[in-house]
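Reviewing the structure listed below.
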Amino acid sequence: MNSVSFSVFFIGFLLISVCLQFWLSARHIRHILCKRDSVPAQFAKKISLAAHQKAADYTVTKTKLGLLMLMLNVPVLLGFTLFGGLQWLSVTIAGITGPGMLYQLSLFAAFALITGVLDLPFAYYSQFVVEEKFGFNKMTRSLFVRDLIKSSLLGAAIGAPLLWLVLTLMASAGDLWWLYTWLVWTGFQFLMMLIYPTFIAPLFNRFTPLEDDSLRSRIEGLMARVGFASKGLFVMDGSKRSAHGNAYFSGFGAAKRIVFFDTLIEKLSPAEIEAVLAHELGHFKLRHIVKRISVMFVFSLGFLALLGYLKQQVWFYTGLGVDPLLLAQNDAMALLLFMLVLPVFTFLLSPLAAISSRKHEFEADAFAAKHASAQDLIAALVKMYDDNASTLTPDPLHSAFYDSHPPAAIRIQHLLAAQ
Ligand SMILES: [Zn+2]
């Protein structure tokens, strides 16, 4: 490989992924608008025309915003790489700090700052224009700013030491640095899973033990039936930021806990909450979570090994618009380039992740049908689609490419068959 052919390869993949994203989004929008005038027969008794049309408009608006972001992200990506942005940043910073660890950490910090600033208008627009317009925003502007400050400080406090450790390994651990880095990365991921529920999530939300006695005994009954031990059932004040409802698991081992958004508890009946929880427990009991984490670890090992090879290739830098420094270390630059361009090459694999995720969703639904009630889960799903303004009529191809969950109509068909 030489640098010109690598540039061509990169541009080719970028072009394919951008065209594909535009085409899929255009199909999705067309399909939803076509089906906007009537509620699908299967849902006609449960979802009003107004709610159906709100879901259509909300989905179309979000899809268009996604395209707008794509149109900005492509020039930014090319600006950083082929048009010399990273090269300029690197030379400028090296001129101030000189070569060494400080240069490398500063390069990363500057990159994070620039991309953070570029993303900010979209985050603001999405929350205070789109979510606001459809009645989902519950966030104040001051909370938005506080969240931003807190998450940036947290990212720096956790990210900087981790980055320092990785860069140190890259510089001094020899040819197998990528293997040691993988071990550090894996350990870090486990540590995060352990401390996230108890130390990080509470920085942003309040978690209170579930107080409703009848609901709690109902849930504890379900957990005993399927043999699931957990330290706690918590309600999170999700309504502080958004009207969207959800339930999730976090932590592992003794630290695992089940979290319900207050918005979900409000909207669903106890029997429906039990069915949703049975679905979540299904993911746990059927080892979906362990499988997903294992796959992630295998992929990260493969990617780090690939980076171990690319880091030594001059064409990898020059093909992306960067002159490798002869005297200073290129490790931070290699890492940055790799993180920037990897998604371009892996985009075509996204349907594989979506297929595997949808298979798990069907299995968890079947688990819920067996241990709770399929009818209650269907009722809960319909309410959640209604309340979250999720579309009932996605474009089939768009859905097959991206969606981690099967379309509502198909999911319900499977549930009806499973009861
Ligand atoms: Zn699920």
Original post:
open to solvent by 20 Å² or more (accessible area, probe 1.4 Å), within 14 Å of the ligand (Cβ to nearest atom) and within 17 Å of the chain's Cα centre (by Cα) - does that describe any residue in region 277-287?
Top reply: no
**OP:** State all residues of region 61-82 that are surrounded by 13 or more Cβ atoms within 10 Å (Cβ to Cβ) and of a type in the set (A, V, I, L, M, F, W, C); if no residue qualifies, say none.
**Re:** 65, 67, 69, 70, 72, 74, 76, 77, 78, 80, 82
Original post:
Do we find a residue being of a type in the set (Ser, Thr, Tyr) and within 27 Å of residue 80 (Cα to Cα) anywhere in region 160-183?
Top reply: yes
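Residue-wise test of (1) open to solvent by 60 Å² or more (accessible area, probe 1.4 Å); (2) over 30 Å from residue 413 (Cα atoms).
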position: 9; (1), (2): yes, yes
position: 15; (1), (2): yes, yes
position: 24; (1), (2): no, no
position: 29; (1), (2): no, no
position: 40; (1), (2): no, no
position: 45; (1), (2): yes, no
position: 84; (1), (2): no, yes
**OP:** Taking residue 417 as the residue in question, decide whether it is touching a His at 6+ places or on another chain (Cβ under 9 Å) and small (Gly, Ala, Ser).
**Re:** no
Original post:
Given the conditions (1) more than 21 Å from the chain's Cα centre (by Cα); (2) among the basic types (Lys, Arg); (3) within 16 Å of the ligand (Cβ to nearest atom), which single one is not true for residue 267?
Top reply: (3)
**OP:** For region 332-411, please list each of the helices (runs of 4 or more DSSP H) lying entirely inside it that holds at least 2 residues being crowded, with 19+ Cβ neighbours inside 10 Å and within 12 Å of the ligand (Cβ to nearest atom).
**Re:** 350-371, 374-388
Original post:
Quick check, is residue 118 among the hydrophobic types (A, V, I, L, M, F, W, C), assigned to a helix (DSSP H, G or I) and open to solvent by less than 30 Å² (accessible area, probe 1.4 Å)?
Top reply: no
Original post:
If residue 303 satisfies every condition in (1) more than 20 Å from residue 354 (Cβ to Cβ); (2) open to solvent by 20 Å² or more (accessible area, probe 1.4 Å); (3) more than 13 Å from the ligand (Cβ to nearest atom); (4) assigned to a helix (DSSP H, G or I) but one, which is the exception?
Top reply: (1)
**OP:** Could you please let me know if residue 228 is open to solvent by less than 50 Å² (accessible area, probe 1.4 Å), within 16 Å of the ligand (Cβ to nearest atom) and assigned to a loop (DSSP other than H, G, I, E, B)?
**Re:** yes
Original post:
In region 121-144, how many are assigned to a loop (DSSP other than H, G, I, E, B) and open to solvent by 30 Å² or more (accessible area, probe 1.4 Å)?
Top reply: 3
Subject >> region 306-317, residues that are touching a helix residue (DSSP H, G or I) at 6+ places or on another chain (Cβ under 6 Å) and either within 16 Å of the ligand (Cβ to nearest atom) or assigned to a helix (DSSP H, G or I) (or both) >> reply: 307, 308, 310, 315, 316
Original post:
Which residues, counting only those in region 278-305, are among the aliphatic types (A, V, I, L, M) and in contact with a Phe, Trp or Tyr (Cβ under 8 Å, 6 or more places away or on another chain)?
Top reply: 278, 281, 286, 289, 301, 304, 305
Original post:
Can you tell me how many residues in region 161-181 are open to solvent by less than 50 Å² (accessible area, probe 1.4 Å) and within 25 Å of the chain's Cα centre (by Cα)?
Top reply: 4
Subject >> Any chance residue 91 is closer than 30 Å to residue 167 by Cβ, of a type in the set (Val, Ile, Thr) and either buried (at least 16 other Cβ atoms within 10 Å of the Cβ) or in contact (Cβ under 8 Å) with a residue 40 or more places away in the chain (or both) >> reply: no
**OP:** Considering (1) at pLDDT 90 or above; (2) over 21 Å from the mean Cα position of the chain (by Cα), say which one residue 227 fails and leave the rest.
**Re:** (1)
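The values are calculated or read from the model by the stated rules, or taken from the named source; none is laboratory data. The structure presented is a predicted model; accordingly, all values stated were derived computationally and were not measured. With ideal geometry, Cβ positions are generated from the backbone for all residues, glycine too; neighbour counts draw on all protein chains shown. Heads up: the accessible areas ignore ligands, DNA and RNA and are worked out on the full protein's heavy atoms, side chains in. Shrake-Rupley method; radii C 1.70, N 1.55, O 1.52, S 1.80 Å.
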